[in-house]
Amino acid sequence: MSAGKILVVDDDPQIRRVVRVILAGEGYEVVDARSGDAALLKFREFLPDLVLLDLNMPGMNGLETCRALRETSDVPIIFLTVRREEEQKVEALDAGADDYVTKPFGKRELVARIRAALRRSPSFAITGPNTFVSGDLEIDFEARKIRSGKNAVRLTPKEFDLLRYLVSHAGKPVPHRELLQAVWGPDYGDQSDYLRVFITHLRKKIEPHPAKPQYILTEPWIGYRFAGPE
């Protein structure tokens, strides 16, 4: 039985070959593409469970490819990049990625990141009801459906898991490290840039006025707090 289907997108044939061998050895079914345009075609044919996407490619680059995928899909996306600057990593997350791996990478790191991205059900225990209603915000956790006012809200898996954890602890400050480890896994904890980007995305999607949030509140030097129901 396949552990999942993964689309590998990289213009370097050696990278594609190495990643294919690593993932096949872990039980994944792998298809690769050498460009963003080819990736979009293979994505529709292969319907992968996850996409590994090179940031720097000729023609349609990784950021453009990621944004195109996000127009129609919430599939987990992990960037493969040689860039180490925080600005470029944040740009990748802001394009809609769930994570990134810096080249050169080891087998254990790559597989761990993939497993973390594919975790659809967080390991944390959820307390309280399966629905949350406050003002114009309605969340059905079981159906994974959200409405803000009259609009249906579409979240990526990690955005949904982050929101779910915050709501399950409504009214209480949740530290940065706790959020990262609950949503991304125990190997995370110091990636504050992840939270900044994902919290910004969530606020834009569920807050009536993102610049003055009423649901996802910042707790300075601690983390974030989700305001309880009115």
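Summary table below
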{"item": "Total residues in the range 211-230, condition assigned to a loop (DSSP other than H, G, I, E, B) and surrounded by 15 or more Cβ atoms within 10 Å (Cβ to Cβ)", "result": "4"}
{"item": "Single condition residue 157 does not satisfy, out of (1) more than 13 Å from the chain's Cα centre (by Cα); (2) farther than 18 Å from residue 217 by Cα; (3) not basic (Lys, Arg)", "result": "(1)"}
{"item": "Residue ID - farthest from residue 100 (Cα to Cα), chosen from residues in the range 172-194 that are at pLDDT 90 or above and open to solvent by less than 60 Å² (accessible area, probe 1.4 Å)", "result": "174"}
{"item": "In the range 64-97, the residues that are of a type in the set (A, V, I, L, M) and open to solvent by 20 Å² or more (accessible area, probe 1.4 Å)", "result": "68, 82, 90"}
{"item": "Unmet requirement for residue 31, which otherwise passes all of (1) crowded, with 19+ Cβ neighbours inside 10 Å; (2) modelled with pLDDT of 95 or more; (3) touching a Phe, Trp or Tyr at 6+ places or on another chain (Cβ under 7 Å); (4) more than 22 Å from residue 185 (Cα to Cα)", "result": "(1)"}
{"item": "Test: residue 15 is in contact (Cβ under 8 Å) with a residue 60 or more places away in the chain, buried (at least 22 other Cβ atoms within 10 Å of the Cβ), of a type in the set (Val, Ile, Thr) and under 16 Å from residue 107 (Cα atoms)", "result": "no"}
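The values are calculated or read from the model by the stated rules, or taken from the named source; none is laboratory data. For clarity, every value in this text was computed on a predicted model and none was experimentally measured. Cβ: placed from backbone, ideal geometry, glycine included. Neighbour counts: every protein chain shown. Each accessible area value is taken on the protein alone, full model and side chains, heavy atoms only, with ligands, DNA and RNA left out. Shrake-Rupley method; radii C 1.70, N 1.55, O 1.52, S 1.80 Å.
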